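Student: Take this structure first; my questions come after.
The values are calculated or read from the model by the stated rules, or taken from the named source; none is laboratory data. Model, not experiment: these values are computed from the prediction. Note that we place each Cβ from the backbone using ideal geometry, even for glycine, and neighbour counts take in every protein chain shown. In case anyone asks, the SASA skips ligands and DNA or RNA and just uses the protein heavy atoms, side chains included. Shrake-Rupley method; radii C 1.70, N 1.55, O 1.52, S 1.80 Å.
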Amino acid sequence: QVQLVESGGGLVQAGGSLRLSCVASGSIFSINAMGWYRRTPGKQRELVARSTNGGSTNYADSVKGRFTISRDNAKNTVYLQMNSLKPEDTAVYYCAADDNFRRYWGQGTQVSVSS
């Protein structure tokens, strides 16, 4: 089992920045990828950014050039640096960790961007 705890959400004006953090605990040795997803009301949860242990990353087209995912393996932490935020980035952001069998989810953190 893997447990994930996110932090760093909040309210910010359009054009501002936020950094989300997610600390993993438990069977962290089994994790082979970590990422961030988001959900807005009435929509399915969507990928924002994902990073594999092999070093590859991928981003949603809507956040490319604005968001950056990074990992600090010594701290078992994944970050999402969000710059040039837009009102349409408003969502609940979820941290996720994948092992060979399943995806684990954090509890989510609210990000709200005002215009």
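Student: How many percent of DSSP beta bridges within the chain run antiparallel, rounded to 5?
Tutor: Working: 40 of 44 bridges.
So the antiparallel bridges amount to about 90 percent of the total.
Student: Please work out the Cα center distance from the range 77-115 to the range 41-63, rounded to the nearest Å.
Tutor: Rounded to whole Å, the Cα centres lie 9 Å apart.
Student: Placing +1 at every Lys and Arg Cβ and -1 at every Asp and Glu Cβ, with all other atoms neutral, what dipole size does the range 20-115 have around its Cα centre, in debye to the nearest 20?
Tutor: Details: 12 positive and 7 negative charges, 20 e Å.
Computed about the Cα centre, the dipole is about 100 debye.
Student: Counting alpha carbon pairs within less than 8 Å and at least 6 residues apart, what relative contact order, in whole percent, applies to the range 67-115?
Tutor: On the way: 62 pairs, mean separation 15.5, N = 49.
Result for the range 67-115 is 32 percent.
Student: Starting from the eigenvalues of the Cα gyration tensor, five times each then square-rooted, give me the equivalent ellipsoid semi-axes of the range 1-66, largest first, whole Å.
Tutor: Working: eigenvalues 105, 48, 33 Å².
After diagonalising the Cα gyration tensor, the semi-axes are 23, 15, 13 Å.
Student: Can you give the relative contact order of the range 28-115 as a percent, counting alpha carbon pairs under 8 Å and 6+ residues apart? Show your work: numbers first, answer last.
Tutor: Numbers: 160 pairs, mean separation 26.5, N = 88.
Computed over the range 28-115, the figure is 30 percent.
Student: How large is the accessible surface per residue of the chain, computed with a 1.4 Å probe and reported in Å² as a whole number? Show your work: numbers first, answer last.
Tutor: Details: 6060 Å² over 115 residues.
On a per-residue basis, the chain sits at 53 Å².
Student: With a Förster radius of 30 Å, plug the Cβ-Cβ distance of Ser27 and Ala60 into 1/(1 + (r/R0)^6) and report the FRET value to the nearest 0.05.
Tutor: On the way: r = 28 Å, r/R0 = 0.93.
In this case the efficiency is close to 0.60.
Student: Show me, for the range 18-34, the HN-Hα J-couplings you get by feeding each phi into the Karplus relation (A = 6.51, B = -1.76, C = 1.60, θ = phi - 60°), rounded to Hz, glycine and proline as x.
Tutor: Along the range 18-34, the couplings run 9, 10, 9, 10, 9, 9, 9, 9, x, 7, 5, 5, 8, 6, 10, 7, 9 Hz.
Student: Using Cα pairs under 8 angstrom and six or more residues apart, how large is the relative contact order of the range 4-50, in percent?
Tutor: Working: 44 pairs, mean separation 12.7, N = 47.
RCO, the range 4-50: 27 percent.
Student: Enumerate the lysines that Lys43 could reach by cross-link, defined here as Cα to Cα under 21 Å, with residues fewer than 8 away along the same chain left out.
Tutor: Qualifying lysines at Cα under 21 Å: Lys64, Lys86.
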